[in-house]
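Enquirer: First the structure, which I've put down as structure tokens, then a few questions once you've had a look.
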Amino acid sequence: MKITLKGNQREFEKGISALDMAGQISQDLKKKALVAKVNGEKVIELWQPIKEDCEIEFLTFEDEEGRRAYRHTASHVLAQAVKNLYPKAKLAIGPAIENGFYYDFDMEEAFTPQALQAIEKEIGRILKKNDKLEKFELPRKEAIQLMEEKGEPYKVELIQDLPEDAVISLYKQGDFVDLCAGPHLGSTGKVKAMKLTQVAGAYWRGNEKNKMLQRIYGTAFDSKEALDAHLEAIEDAKRRDHNKIGRELEYFTTVDTIGQGLPILLPKGARVIQLLQRFVEDEEQKRGYLLTKTPLMAKRDLYRISGHWDHYRDGMFILGDADDETKECFALRPMTCPFQYQVFLNRMRSYRDLPMRLGETSTLFRNEDSGEMHGLIRVRQFTISEGHLVLRPDQLEEEFKGCLELARFMLQAVGLEDDCTYRFSQWDPNNTKKYEGTPEQWEEAQNLMGSILEKLDVKHTIGIDEAAFYGPKLDIQIKNVHGKEDTLITIQIDMLLAEKFGMEYVDADGQKRRPYIIHRTSLGCYERTLALMLEKFAGAMPLWLAPTQVEVMTITDRANDWADEVASTMSMAGFRVDTDKRNEKIGFKIREAQMDKIPYMVVLGDKECEDKMVAVRDRKGNNLGVMGLDALMELLHEEVDTRAIK
RNA sequence: GCCAAUAUAGCUCAGUCGGUAGAGCAGCAGUUUCGUAAACUGCAGGUCAAGGGUUCGAAUCCCUUUAUUGGCUCCA
């Protein structure tokens, strides 16, 4: 039988197992191979016999699919350990995920940290025992019967959802049996290093109406060293957590009596956001945007027109009794659209008025569920660089491109561009309750956006059921230090609200036409952007955004006057300067300045005083030498210019 | 909203079996005026998140609420 391996053909005895095949190629491969891929499609276990000519690729821990099989087997080991220690625990599902795996259990008793330790010990025993994994298949009925006997109602439910004629595959290791499609490693001992990382609640089948199960997260690596390196990397990432350093460095804080998701921006945080806002507003002005300022709340009547009252009411803060129609009822705005559209509606518009690009630094309020808040990333009140472009159909593509270019320009300016991915967020035709409009309208808008994305060659993933209730979105996604993904920037084609609000323009032929609308943000919401920048730079903001750019310190009182002069000259020149003239614990102050991530430190003593010079150090503690004040300011100007706009 | 953990001085954290609160750093006052990672002396600082309960007695045990954290579900 002829087997193709990495492009080379080789002869093997018919019916040989993949593992033996690997062994004949090299002992090293036999050791490293985890599973095998047949004809570039199906991934099989190594114990399976190869019966005909085909192409085989051996997958190791280096391969994504190899790692998945490895961690999937690890999740079975976890389930086995839990069943050994808690026979009453019911098994749900346990897949491999990015960087690890989890398994969901239904159990009365909560998994405590001590319990987790005991489970890890049991896992160690199972790995040592090195049971072979065996695959067997049962007809649907028998599979259900087996799982009923074993008292696994969730498994029964899973099988029942499979097609009538499906042959169900199960895996057995020792006396532990699990419903599973595989593929798996040959034996439990193949898993070299496993660690349980955390316990969490998770709804059965991801539906909040279902019972909440207990999920144990874990990870597995092909060596103890790799596992330790991974755990250390996670710890390292957490040290950059904006929610920790943002509070430590006094960018923001929260107060119990103000409430969840309502952070206080301290002077540093407020300053950075002000700088970002100015940057965005100035850039938008250059690109032909008109500035608007619209109210933060409106009567429920407005939201009835826009559809928010039907589709977004739970997300809104309502002032007054929503159900009492005899009284006025207001709601804080969760989005700017229906407000900013009024600018267009102010008078009859001509086709010559289009494109009309409206921009606003807009504060929004969303009544997020109490468990959703996270530092500055997920809050209940936030300010976003919001905007709407009212367009003729022939302008849509060009303007969409303009929005994308603006977004990329902004991301580059703040240094986050390389960390972002693109997602084309579409509606779910099976979940029409959530959305306004007809399937035809959705089809049209999505096709339009799809073809623009193709034309602009934007690499993207597709997100089904991720659209806004009024239209599809291009979401620019970014991950925080915990690996959780959030939308930083969004560009949306909104075809429904224009209709609802009766927006029209008079075309060249004198006919009234419905405009297209692009709903977009330049830099997303400022709180979130600040959070991700803090994480990206570990608190060391680039000079153009640093709340304090220069700290002036004296080491003797004789330098105080000169320090004042330096500080005031630099302030007048537009730099953000802090002075500290306590001239004591200078080493401490320098360390503190570095901790606070202050880009430049100026140290003044008798010598500098006499020569009217400044001794300069950068944030890494490098001594840049003694220079004139003009030279320092020149240096700073250059850095600001290069960082802000590349 | 759901599952779990946590909440002690400005910060980081001790506080045993239930016996009424402790350290380091920061702060303040004085001394020191010194050249690069915490100078010396002293002082002050706490309804132990809030409320209720059990108890002779609660930071400690129980309940409720609030906030914080990690997930789930949602979402910028």
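Enquirer: Convert 20 °C to kelvin, take the viscosity as 1.002 mPa s, use the Kirkwood radius over C-alpha pairs of region A:155-304 as Rh, and evaluate the Stokes-Einstein diffusion coefficient in µm²/s, rounded to a whole number.
Expert: For the chosen part, D equals 95 µm²/s.
Enquirer: Along the positive direction of the dipole of chain A (beta-carbon charges: Lys, Arg +1; Asp, Glu -1; about the Cα centre), which of A:Met601, A:Thr219, A:Leu158 reaches farthest?
Expert: A:Thr219
Enquirer: How about A:Lys192: which lysines have a C-alpha closer than 16 Å to its C-alpha, ignoring those fewer than 8 places off in the same chain?
Expert: A:Lys30, A:Lys31, A:Lys32, A:Lys121, A:Lys128, A:Lys129, A:Lys132, A:Lys224
Enquirer: Related question: Among rounded, prolate and oblate, which fits region A:311-448 when a ≥ b ≥ c are the square roots of the eigenvalues of its C-alpha gyration tensor, a/c under 1.5 means rounded, and a/b larger than b/c means prolate?
Expert: rounded
Enquirer: Could you check what % of the DSSP bridge pairs in chain A are antiparallel, to the nearest 5?
Expert: Given both bridge residues lie in chain A, the antiparallel proportion sits at roughly 85 percent.
Enquirer: Hey, another quick one. Defining a contact as two alpha carbons under 8 Å apart and six or more residues distant in sequence, what relative contact order in percent does region A:99-220 show?
Expert: Relative contact order of region A:99-220: 36 percent.
Enquirer: On the first, second and third principal axes, largest extent first, how far apart are the outermost C-alpha atoms of region A:283-387 in Å?
Expert: On the principal axes, region A:283-387 reaches 44, 39, 19 Å in Cα extent.
Enquirer: Taking 8 Å as the Cα distance limit and 6 or more residues as the minimum spacing, I'd like the relative contact order of chain A as a percentage.
Expert: 9
Enquirer: Separate question: If you place +1 on the Cβ of every Lys and Arg, -1 on the Cβ of every Asp and Glu, and leave all else neutral, what size is the dipole of chain A about its Cα centre, to the nearest 20 Debye?
Expert: The calculation lands at about 880 debye.
Enquirer: Within 10 Å of each candidate Cβ there may be at most 14 other Cβ atoms; applying that plus a DSSP loop requirement, which GluC sites (Glu not before Pro) in region A:40-110 survive?
Expert: Sparse-neighbourhood loop GluC sites (Glu not before Pro): A:Glu41, A:Glu52, A:Glu62, A:Glu98, A:Glu108, A:Glu109.
Enquirer: Tell me which trypsin sites (Lys or Arg not before Pro) from region A:215-279 have a DSSP coil assignment and no more than 15 other beta carbons within 10 Å of their own.
Expert: In loop regions of region A:215-279 (DSSP not H, G, I, E or B), there are no sparsely surrounded trypsin sites (Lys or Arg not before Pro).
Enquirer: Just the accessible area per residue of region A:1-155, please: how many Å² with a 1.4 Å probe?
Expert: Heavy-atom accessible area per residue stands at 54 Å².
Enquirer: Along each of its three principal axes, how wide is the spread of alpha-carbon positions in region A:13-85, in whole angstrom units, largest first?
Expert: Here the Cα extents, ordered largest to smallest, are 44, 25, 23 Å.
Enquirer: Rounded to whole Å and sorted largest first, list the principal axis extents of the Cα atoms in chain A.
Expert: Sorted largest first, the three principal extents are 85, 76, 55 Å.
Enquirer: Let me ask something additional. What are the ³J(HN,Hα) couplings of region A:544-558, residue after residue, when phi is run through the Karplus curve with 6.51, -1.76, 1.60 and θ = phi - 60°? Round to Hz, x for glycine and proline.
Expert: Whole-Hz 3J(HN,Hα) from phi for region A:544-558: 5, 10, 4, x, 10, 8, 9, 10, 9, 10, 10, 10, 8, 4, 5.
Enquirer: Over the Cα atoms of region A:339-381, what radius of gyration and what Dmax do you get, in Å?
Expert: When restricted to Cα atoms, region A:339-381 yields Rg and Dmax of 16.8, 48 Å.
Enquirer: Hey, another quick one. Where does each of A:Thr60, A:Thr521 land when they are ordered by accessible area, with a 1.4 Å probe and the largest first?
Expert: I get A:Thr60, A:Thr521, largest accessible area first.
Enquirer: What are the semi-axes of the equivalent ellipsoid for region A:458-515, taken as the square roots of 5 times the Cα gyration tensor eigenvalues, largest first, in whole Å?
Expert: Semi-axes (√(5λ), whole Å): 34, 11, 9.
Enquirer: Based on Cα coordinates alone, diagonalise the gyration tensor for region A:417-509, multiply each eigenvalue by 5, take square roots, and list the semi-axes in whole Å, largest first.
Expert: Value: 26, 16, 13 Å, ordered largest first.
Enquirer: Here's another thing I want to ask about it. Rounded to the nearest 500, what is the 222 nm mean residue ellipticity of chain A from helices alone, with -39500 (n - 2.57) per DSSP H run of 4+ residues and division by all residues?
Expert: Result for chain A: -11000 deg cm²/dmol, rounded to the nearest 500.
Enquirer: Right, here's the next one. Under unit Cβ charges (Lys, Arg +1; Asp, Glu -1), what dipole magnitude, rounded to 20 debye, does region A:452-557 have relative to its Cα centre?
Expert: 220
The values are calculated or read from the model by the stated rules, or taken from the named source; none is laboratory data. Predicted model only: the values in this text are computed from it and were never measured. Quick reminder, even Gly has a Cβ in these numbers, built from the backbone with ideal geometry, and neighbours come from all protein chains shown. Ligands, DNA and RNA are excluded from the accessible area calculation, which covers all protein heavy atoms including side chains. Shrake-Rupley method; radii C 1.70, N 1.55, O 1.52, S 1.80 Å.
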